[in-house]
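The structure appears right after this line, and notes come after that.
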């Protein structure tokens, strides 16, 4: 399980515990079970112009191509201006260096929260060298979930 999934799961569990604590036993005892299942409201699907989606895909793949080439300065330029105001290119490189050798990236899915916020699933293939002497090298693939924000006509990768 990746770090963002663990963080999300722990936040969700903590939020549920807080909601139960705030509701208290009286709320549970006084609230009769509904006669029919209650479903969450369905969020209307958001569509964007084909040119806007093409621009997003192009930016996502260009960012990953920069990482594959280990051109961290170019990859850093896809981060939001807010991220770049806090982290230097050197710090960015430190977050992405190491034992992973990215090989390829492919956009698998795009979902829009609204026309300015996209959730992108990218399939990454990479080679990983296990730490230590004689560490085994493995070729792996993984789906990465990224958030991209559109501001002033440009898409930016947002860190969670």
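Tabulated values for the structure
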{"quantity": "Selection within region 58-73 - surrounded by 15 or more Cβ atoms within 10 Å (Cβ to Cβ) and touching a helix residue (DSSP H, G or I) at 6+ places or on another chain (Cβ under 7 Å)", "calculated": "63, 66, 67, 72"}
{"quantity": "So residue 142, is it outside any strand (DSSP E or B), out of contact with any helix residue (DSSP H, G or I) (no Cβ under 7 Å at 6 or more places or on another chain) and either exposed (fewer than 13 other Cβ atoms within 10 Å of the Cβ) or at pLDDT below 95 (or both)", "calculated": "no"}
{"quantity": "Selection within region 124-139 - part of a strand (DSSP E or B) and either touching a residue at least 24 places away in the same chain (Cβ under 8 Å) or over 11 Å from residue 103 (Cβ atoms) (or both)", "calculated": "124, 126, 127, 128, 129, 137, 138, 139"}
{"quantity": "Top-ranked residue of region 62-81 - restricted to ones that are farther than 15 Å from residue 156 by Cβ and part of a helix (DSSP H, G or I), ranked as modelled with the highest pLDDT", "calculated": "65"}
{"quantity": "Region 83-112, subset within 17 Å of the chain's Cα centre (by Cα) and in a helix (DSSP H, G or I), residue surrounded by the most Cβ atoms within 10 Å (Cβ to Cβ)", "calculated": "92"}
{"quantity": "Selection count, region 118-139, where residues are touching a strand residue (DSSP E or B) at 6+ places or on another chain (Cβ under 6 Å) and surrounded by fewer than 11 Cβ atoms within 10 Å (Cβ to Cβ)", "calculated": "3"}
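The values are calculated or read from the model by the stated rules, or taken from the named source; none is laboratory data. Since we're looking at a predicted model, the values are computed, not measured. When we count neighbours, we look across all protein chains shown, and the Cβ atoms used for this are built from the backbone with ideal geometry, even at glycine.
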